[in-house]
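Okay, so here's the structure we're looking at.
Taken together, the values in this text are just the output of simple stated rules run on the coordinates, not laboratory data. Small disclaimer: the values here were computed from a predicted structure and weren't measured. Glycine gets a Cβ as well: all are built from the backbone with ideal geometry, and neighbour counts include every protein chain shown.
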Amino acid sequence: MDVKTTATLLVPLFVAVLAAVAAYLYNLRLAQRKDRLERTDRQLKELYGPLFALVSVSTITWKEFVDVYRQQGYFPPRPEGGVAPEKRPTRNLSCGAG
């Protein structure tokens, strides 16, 4: 075999091996990124799910507490013309964990 024939055979082989290695490294990086994203998603659900539940229960409990003790005079009456603080519109801060 002469040099030209050897080069003609080795260059496509080298390019194919290089492409296979590049595809493997890309897929490895993609899998690692997906694993990190799934881990972060799980951590957020484990944090914000219970946190949202606690905030919801605390809000309901506080409203009931104020309603009971407002009748006994411990809190000022609700404003006449305005919206009571408990009834003001709030933003939905849920993270979709459910």
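Among residues other than ASN27 with Cβ under 12 Å from its Cβ, the summed charge is +3 (Lys and Arg +1, Asp and Glu -1).
3J(HN,Hα) along region 18-29: 4, 5, 5, 5, 4, 5, 4, 5, 5, 5, 5, 5 Hz, from the Karplus curve 6.51 cos²θ - 1.76 cosθ + 1.60 with θ = phi - 60°, whole Hz, x for Gly and Pro.
Among the GluC sites (Glu not before Pro) in region 1-80, those located in a DSSP loop and surrounded by at most 16 other Cβ atoms within 10 Å of their own Cβ are GLU80. Given R0 = 22 Å, the distance between the Cβ atoms of LYS34 and LEU13 translates into a calculated FRET efficiency of 0.10.
Note on region 3-87: dipole from Cβ charges, positive end direction compared against LEU44, VAL3, ALA16; the farthest Cα belongs to VAL3.
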